[in-house]
1. Ranked by Cβ crowding within 10 angstrom, fewest neighbours first, how are 220, 166 ordered?
2. To check my understanding: the extent here is largest minus smallest coordinate of the Cα atoms along each principal axis. What are those three numbers for segment 15-128, in Å, largest first?
3. If R0 is 30 Å, what FRET efficiency do you get for residue 208 and residue 103 from their C-beta distance, rounded to 0.05?
4. Please quote Rg/Rh for segment 74-162 to two decimal places, taking the Kirkwood radius as Rh and restricting both calculations to Cα atoms.
5. Tell me the relative contact order for segment 45-176 as a rounded percent, counting alpha carbon contacts under 8 Å between residues six or more apart.
6. Determine one quarter of the surface area of the Cα convex hull of segment 172-320, which equals its mean projected area, and express it in nm² to one decimal.
7. Going by Cα centres, segment 161-195 and segment 261-314 are how many Å apart?
8. Report the calculated FRET efficiency for residue 172 and residue 275 (r = Cβ-Cβ distance, R0 = 56 Å), to the nearest 0.05.
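Read the figures in this text as sums done on the coordinates, not as results from a lab. Just so it is clear, the model here is predicted, and its values are computed rather than measured. Here the Cβ positions follow ideal geometry from the backbone for every residue, glycine too, while neighbour counts run over all protein chains shown.
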C-alpha cells in the first residue's frame, strides 16, 4: 500500500531518530520534528497504522516503536535525504589514498582501513576482477638451477608472480623457449579462455621439453586462475563486537560467515553494477539478518573493476555513509587509472 505524505514524514522521522539514538521512538519525540503541525494523538494513530502495515514494531519493554527492515528499504529508496560530503571530507579521503598511490594492493588496503575507521563498520573491498581481462605479458625468470619465477601481467593492471621448482636442472635456453612459447600461445588471450586443455596442449607442443617444463606450466595455470578471481579484504571486524546493536551470538554468526571469503566474494560479484544496499534477509544469508551491506564498484578504466563497501547493523547512517562510499570508489578508480598509466602494473602476490 502506498503511504500518504504524512505517514512518509512520520516514518522518516522515526528512522532518523532511531538511527541517531538507537532507542524506540514515541509520539512525543516526533511532535517537534514535524513542526508541531501534527498532534501527538494523531501521530500515535499513524504509528499504529504503520505498525499494522509492517513498517514499525514495538519492543516488549517499551512503549515506543522501531523501524523494520522494510521500513529501511522504503527510507533508502524514497524518503532519505543524502548528506553530501563536505570539501574537507573529500580532501581528507584524497589525502589518505594518495599516500598509497604507488601500489594497487596498498591502495585498496588503505581505503579499506580508512573506511572501517570512519564508519565504525566492517569495510569490505575486492581487488579488480579479471575474468574478462586479457594477458599482457608472461615472463620466466631463473631463481636457481632448480627453480624459476613466473610473472603474469593481465589487463587489470596487476602483476602476479609464482615460484615453481623443477625435478632436475633446467637450462637457460629451455627457460627462454618456455617464455617465448607461453607468450606466443597466450598473450592477448582472455584469462577465462585458458583452461587445463590449453595447458596440456602446451606440454605436447613442447615435445621432449614438455615433462621437464610441467611444473612451470602448472604454476602458470594457477596464476591464470588467481588473476581471474577477485581477492576479498575485510577490515574492522572488531567494530562489530563493539557495536551495541549486535548481540554476541549474532556477531559470532556474522563473523563466522565472513571468514568464508569465497561466500562473501560470490555475494559481492553477483551484485549488479552501481550502488547497492542489501538489507537483512534480502541477502538470502541468515547470518546477515539484522545487518546491511552498502557496496559499490570502483572502475579501472573501461575494464575490470572491484567492489568497496561496508557491512554493519540495520541502524546505520545511510544518508552519510552512501555518499562516503561512492566517493571512496571514485577516488580509488581515479588513482588506479593513474597507476596503470604510469607504471603499467604492480606485483601484488608473491610466493
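1. The most exposed by this proxy come first: 166, 220.
2. Over segment 15-128, Cα extents along the principal axes are 61, 28, 25 Å.
3. After rounding, the FRET efficiency stands at 0.15.
4. Result: Rg/Rh = 1.17.
5. 11 percent
6. For the Cα atoms of segment 172-320, the hull's average projected area reads 12.4 nm².
7. Between the Cα centres of segment 161-195 and segment 261-314 lies a distance of 36 Å.
8. Here the calculated transfer efficiency is 0.60.
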